[in-house]
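Just below is one structure, and these are the notes that go with it.
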Amino acid sequence: MALWGGRFSESPADAVFALSRSIQFDWVLAPYDLRSSMAHLTILEKAGLISSGDSQLIRKALHELRAEVLGGTFLPKAEDEDVHSALERGLTEKLGSLGGSLRAGRSRNDQVATDLRLFTIDNLLQIGRSLVELQMALLAKAKEYSDAPAPGFTHLQHAQPVIFGHELAKHAHALQRDSSRIQSWFERSRVSPLGAGALAGSSLALDPLASAADLGFTSASANSIDAVSDRDFLVEALFILALIGSHLSRMGEEWCLWASTEFGWAKLDDAFATGSSIMPQKKNPDIAELARGKAGRLIGNLTSVLAMLKGLPFAYNRDLQEDKEPLFDSLSTLNLILPALTGMVETTVFDRNKMAKSAPTGFSLATEIADYLVRSGTPFARAHEIAGECVHTCERRGIELHELSDSELAQIDSALKPDVRLVLTVDGALSSRTTFGGTAPSSVTSQINSLLLEISSTQDWFTSESNRFSGMMGA
Ligand code: ARG
């Protein structure tokens, strides 16, 4: 059913209708559209534009329609242009011409902007909850390996030994910033466009602030032209989702490396790996690869909406219809990846021995020699040089740093006493890294514990905001 047509003598050509319809993707907005219609109805009744008798009939029909939509018994038809037209058809089927009364003072322009905000708020709160699950899985693993030494890398070369739990926990820290981005986004985005109409507000006695409050927003748009044009909330949401995707891709890359034969650190659970159709021995880290690969489409979705908005005149232009599929795709992509990655993290077993054996190799303890010299008064630049000479000698002789003889040490520099060997152990190196955020086992444990506290308060926030949102939606 078209919501327009009075001034046209012909219906749109098939090709035009096919191009312009959005029902094939915007139907997911139906519950939000119905809820904002209820808010609009309240305002029309308050303004005396709909009698209380009619208002009761319409509200009852909206509730029925919502149950039918959620139950899948009311479905869009091929001839419906978009979610708004389909739902008005549903209402008119129940109420006759009374079903069209809600259009007073409202346009699809403020309507779609309102629906999208509600949809995005609902969905980002859900994403936040899935992030918490993944963080919990990462920190449980980090705890399990909070005493396990492993080589730490820069440039993918052995750099300094670290605690493996420290490596795992870092991903939960990155995701915590994403959670807090969702929280600040939420505060900024709770602004209602409803009441802006097509672009200019309304001559009817509507009350945008009251409908905003009814829908759980903290305020209404202060400029009606901006209200129907603004997609900042959506772009910011896409950015947050893309950044989450980028964080997950870095995690995915590590899992791929760790599960490789060369590393041999990670053993994936059979339920979280896949095989090859030709090579019977293969067990592939496909979940990690997909997490890495899907970051591409999340970034693409963000840039596609930014490009669509660039230079777009204000108020509504049909270009804006292109804001939806990228958002829906980013959300469904993350809703697929997040639980799969959580399961993968929970079930991966790491080889402590292999990681510990590899921790001191590649001269990863050379910094300890430099720090040792600094403690006895050598300026760091000189200490660095001396430690470099130790590495050079070892490389020439094919030995490790702790295998240098007393005389070889003294020959390199007189400040290198035999007791330098005491710092040339992985355990010594690790337990000395007690600075805030450092890799000493005691520091790692306290970092994990304080992040767990932070996550649990974030989790409470997500739960209470989600409950509040569902309460508003169910009203
Ligand atoms: N389906 C449209 C969209 O998604 C709804 C708004 C249409 N407004 C208009 N003036 N044609 O953006």
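Below is a table of values for the structure above.
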| read-out | value |
| --- | --- |
| Pairs of Cα atoms farther than 22 Å apart, region 42-167, % | 60 percent |
| For region 190-321, convex hull volume per residue from C-alpha positions, Å³ | 166 Å³ |
| Candidate residues PHE436, PHE263, PHE217: accessible-area rank, largest first, probe 1.4 Å | PHE436, PHE263, PHE217 |
| Angle in degrees between helix 108-144 and the longest Cα principal axis of the chain, rounded to the nearest 10 | 20 degrees |
| Qualifying GluC sites (Glu not before Pro) for region 248-292 [loop in DSSP, other Cβ within 10 Å: at most 13] | GLU262 |
| Highest average packing first - 222-232, 45-55, Cβ atoms within 10 Å | 222-232, 45-55 |
| Mean Cβ count within 10 Å, highest first, over the residues of peptides 131-141, 10-20 | 131-141, 10-20 |
| Kirkwood Rh and Cα Rg combined as Rg/Rh, region 367-475 | 1.39 |
| Probe 1.4 Å, all protein chains present, accessible-area order of TRP27, TRP255, largest first | TRP27, TRP255 |
| DSSP-assigned coil residues among trypsin sites (Lys or Arg not before Pro) in region 322-400, each with at most 13 further Cβ atoms within 10 Å | none |
| Point-to-point label distance, ASP427-VAL349, nm (Cα→Cβ direction, 7 Å offset) | 2.6 nm |
| Over the chain, relative contact order from alpha-carbon pairs under 8 Å, at least 6 apart, % | 18 percent |
| Scattering curve values for the chain, log₁₀ I(q)/I(0), Debye with Cα scatterers, q = 0.05, 0.07, 0.08, 0.09 Å⁻¹ | -0.30, -0.53, -0.64, -0.74 |
| Stretchable slack from VAL391 to ALA415, in nm (0.36 nm times residue separation minus alpha-carbon distance) | 7.0 nm |
| Potential extension, SER450-SER20 segment - 0.36 nm per residue separation minus Cα distance | 149.6 nm |
| Relative counts (whole %) of C-alpha pair distances in region 235-313, using bins that are 10 Å wide | 18, 36, 24, 15, 6, 1 |
| Residue (of ALA210, HIS166, ALA200) at the positive-pole extreme of region 156-241, dipole from beta-carbon charges | HIS166 |
| Extension gain from LEU312 to PHE8, taking 0.36 nm per residue of separation minus the Cα-Cα distance | 106.8 nm |
| Rg and Dmax [Cα atoms of region 118-223; Å; Rg one decimal, Dmax integer] | 22.5, 70 |
| Acute angle (nearest 10 degrees) that the helix 366-375 long axis makes with the longest principal axis of the chain, alpha-carbon atoms | 70 degrees |
| Qualifying chymotrypsin sites (Phe, Trp or Tyr not before Pro) for region 298-399 [loop in DSSP, other Cβ within 10 Å: at most 15] | PHE314 |
| C-alpha long axis of helix 286-309 to longest principal axis of the chain, angle in ° | 50 degrees |
| Reachable aspartates and glutamates, given that their alpha-carbon falls under 14 Å from the alpha-carbon of LYS267 and they are not under 8 places away in the same chain | GLU254, ASP286, GLU346, ASP351 |
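The values are calculated or read from the model by the stated rules, or taken from the named source; none is laboratory data. Remember, it's a predicted structure, so these values are computed and weren't measured experimentally. Using ideal geometry, Cβ is built from the backbone for each residue, glycine included, and neighbour counts are taken over all protein chains shown. Please note that ligands, DNA and RNA were not included when accessible areas were found on the heavy atoms of the full protein model with its side chains. Shrake-Rupley method; radii C 1.70, N 1.55, O 1.52, S 1.80 Å.
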